[in-house]
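Student: Mind looking over this structure? Questions follow.
The values are calculated or read from the model by the stated rules, or taken from the named source; none is laboratory data. Please read these numbers as outputs of a predicted model, since none were measured by experiment. Cβ sites come from the backbone with ideal geometry, for glycine too, and all protein chains shown count toward neighbours. Note: areas computed on protein heavy atoms with side chains; ligands, DNA, RNA excluded. Shrake-Rupley method; radii C 1.70, N 1.55, O 1.52, S 1.80 Å.
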Amino acid sequence: MDNWSFQSPLVRLQQRAFLLAEIRRFFAQREVLEVQTPVISSAANCDRHIEVFSTSAIHPERDKAFLRTSPEFFHKRLLASGSGDIYEIAPVFRREENTSLHNPEFTLLEWYRLDFDMEQLMAEVQALFHMLAGHFNLVVKDTRSISYQDLFVQHADFDPFHISDEELQTYCNTHGYQGALLSRSEALDFIFGVIIQPKLAEVDGLMVYHFPVEQAALAQVNPDLPKSCLRFEFLFRGIELANGYQELQDAELQRQRFEDDVSWRNSHQKDTHPLDNHLLSALKSGLPACSGVAVGIDRLLMCLVGAEDIKNVLGFHALNS
């Protein structure tokens, strides 16, 4: 079938333009600076579960370059350079993602606030969401917050911070998992995605905070509960829209996390890529205290207009691009 044309109602173009204009107005009112950072880099994300696109080298001493999976590393270099509060509406790319909620190319809204702790940024995410919902005439019954620990107790009947790896594996097998042995983080992700998220389909807004420290990525450890970290996600009717951190400022700890990720990728026969030493140098020079968050624009638009598939708000997507 010939699908050369825009595969969504053309009103989606107007809705996206309106959404972006309202986001820019929101940040202009708060005096947050809009920035534009490179799409292609000589370093790459080494996250265990994110695959990157590679292309021809842009640096004479490297044999490849990479399409960004997030503008985060450049943003932190800006913050360490003294930029102040910043945001970007950024096209990003992740390989091997093509589902009703994923497209290999998508748009992130990412922003960073100096001297914000996690709770302050969570409140700002909710403020943005409620403002946009109002403009799109989306009725939001309620939004609430819950810790990751309490979420598991309520919906999976166990405490994720007081269960053994063996018990976690048994739980996953009992609930349909049939693959290889899972790490602790993988088991918790399986339970979160397969068992818990479907139970949240009627919840109009849920802020989940204090994720396991194994899933900290670039977040600080929670000083009050060291088994957890200062990370949160915002979900709308079970769909993840935002992922935020109270940002890690320790360069050596961040390097260790990156190296652990590279080691894990090697042991699982996954591609590995050069670490972003520019980011590590920026952290070493002094990243100011800040919190940051990324919001998927395409998923957000899906929720605001009631679309059931990300292709319905993209029009041009992986299958007709």
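Student: Given the structure, is VAL221 of a type in the set (Val, Ile, Thr) and more than 22 Å from ARG299 (Cα to Cα)?
Tutor: In short, yes.
Student: Can you name every residue in the range 178-194 that is open to solvent by 20 Å² or more (accessible area, probe 1.4 Å) and aliphatic (A, V, I, L, M)?
Tutor: ALA180, LEU181, LEU182, VAL194
Student: Of all residues in the range 125-169, how many are open to solvent by less than 50 Å² (accessible area, probe 1.4 Å), outside any loop (DSSP other than H, G, I, E, B) and modelled with pLDDT under 95?
Tutor: Adding up the residues that qualify gives 1.
Student: Exactly one of these conditions fails for ILE23: (1) out of contact with any strand residue (DSSP E or B) (no Cβ under 7 Å at 6 or more places or on another chain); (2) of a type outside the set (S, T, N, Q); (3) under 20 Å from SER291 (Cβ atoms). Give me its number.
Tutor: Only one criterion in (1) out of contact with any strand residue (DSSP E or B) (no Cβ under 7 Å at 6 or more places or on another chain); (2) of a type outside the set (S, T, N, Q); (3) under 20 Å from SER291 (Cβ atoms) is unmet by ILE23, namely (1).
Student: Of the numbered conditions (1) closer than 30 Å to GLN15 by Cα; (2) polar (S, T, N, Q); (3) outside any helix (DSSP H, G or I); (4) free of Cβ contacts under 8 Å to residues at least 60 places away in the same chain, GLN197 fails exactly one; give the number of that condition.
Tutor: Here GLN197 meets the rest and fails (3).
Student: Oh, and also: Any chance you could count how many residues in the range 193-224 are in contact with a helix residue (DSSP H, G or I) (Cβ under 8 Å, 6 or more places away or on another chain) and under 30 Å from LEU253 (Cβ atoms)?
Tutor: 15
Student: Just one of GLU247, GLU214 is charged (D, E, K, R), in contact with a strand residue (DSSP E or B) (Cβ under 9 Å, 6 or more places away or on another chain) and farther than 25 Å from ILE163 by Cβ; which is it?
Tutor: Residue meeting the stated conditions: GLU247.
Student: Here is a follow-up. Tally time: how many residues in the range 102-124 are surrounded by 14 or more Cβ atoms within 10 Å (Cβ to Cβ) and not in a strand (DSSP E or B)?
Tutor: 9
Student: I'm trying to understand the selection: among the residues of the range 91-101, which are exposed (fewer than 15 other Cβ atoms within 10 Å of the Cβ) and under 28 Å from VAL32 (Cα atoms)?
Tutor: Result: PRO91, single match.
Student: Name every residue in the range 259-272 that is touching a Cys at 6+ places or on another chain (Cβ under 8 Å) and open to solvent by 10 Å² or more (accessible area, probe 1.4 Å), in order of residue number.
Tutor: Result: ASP261, VAL262, THR272.
Student: Further, regarding this structure: Provide a single number: the residues in the range 208-251 that are open to solvent by 10 Å² or more (accessible area, probe 1.4 Å), touching a residue at least 24 places away in the same chain (Cβ under 8 Å), more than 28 Å from SER100 (Cβ to Cβ) and in a strand (DSSP E or B).
Tutor: 1
Student: Just wondering, is there one or more residues in the range 50-67 that are within 30 Å of SER145 (Cα to Cα), open to solvent by 30 Å² or more (accessible area, probe 1.4 Å) and not in a helix (DSSP H, G or I)?
Tutor: The answer is no, given that none of the residues of the range 50-67 is within 30 Å of SER145 (Cα to Cα), open to solvent by 30 Å² or more (accessible area, probe 1.4 Å) and not in a helix (DSSP H, G or I).
Student: If you don't mind, there's one more thing I want to ask. From the list PRO71, PRO38, which one is open to solvent by less than 80 Å² (accessible area, probe 1.4 Å), in contact with an Asp or Glu (Cβ under 6 Å, 6 or more places away or on another chain) and closer than 30 Å to SER263 by Cα?
Tutor: Checking each option against the conditions leaves just PRO71.
Student: Could you run through the range 58-79 and say how many residues are closer than 18 Å to PRO91 by Cβ and of a type in the set (Lys, Arg)?
Tutor: Final tally of qualifying residues: 1.
Student: Condition test on PHE73, is it modelled with pLDDT of 95 or more, under 21 Å from PRO274 (Cα atoms) and either in contact with a helix residue (DSSP H, G or I) (Cβ under 9 Å, 6 or more places away or on another chain) or among the basic types (Lys, Arg) (or both)?
Tutor: For PHE73, the condition - modelled with pLDDT of 95 or more, under 21 Å from PRO274 (Cα atoms) and either in contact with a helix residue (DSSP H, G or I) (Cβ under 9 Å, 6 or more places away or on another chain) or among the basic types (Lys, Arg) (or both) - is met.
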